[in-house]
Amino acid sequence: MNPASDPSSPKSVAIADRPAPAVATTSTRTMWAKVDTGFWVAHRAGEYFGCVDQVAGGYVARDAHGIPIGRYDGLKAAKSSLRSTTHPLNVARRVQAERARLAAATAVGVTALGFALTAGALAPFL
């Protein structure tokens, strides 16, 4: 009997029964490097993922776009805040920051428009 055709033979292992080859999971793992005193940089899948900077009284985490995620008391909390830029807490902070910038830009624009209209109205008298 041929050992390859005998199912009880240890050498006859079907390809489907073999374990899948190990796949590198480095693409989902965040790697941290201490670049300078009080400054850590995160990489994920070989790309810049964010950073944590030590400031007076805590740590500030920034995402891959340099947008501050938040201020934290501990380094571990700051690093874990970089879970994802789509994490609900990060999205809520970004939306709040965008609304504040929009409100400030609107106020500046209305003020500039008011000055322009005032200047236009007073121009004939100058």
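Quick note: the coordinates plus some simple rules give every number you see, no bench work behind them. Just so it is clear, the model here is predicted, and its values are computed rather than measured. Positions of Cβ are generated from backbone atoms using ideal geometry, with glycine treated the same way; all protein chains shown enter the neighbour counts.
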Which length gain, in nm to one decimal place, applies between VAL91 and ALA107 when the Cα-Cα distance is subtracted from 0.36 nm times their residue separation? 3.3 nm
PHE115 paired with ALA77, simple spin-label distance in nm, labels 7 Å along Cα-to-beta-carbon: 4.1 nm
Label model pair LEU122, MET31: point-to-point distance (7 angstrom along the Cα→beta-carbon line) in nm is 6.2 nm
Assigned charges on the beta-carbon of Lys, Arg, Asp, Glu; the range 23-83 dipole about Cα centre (debye): 180 debye
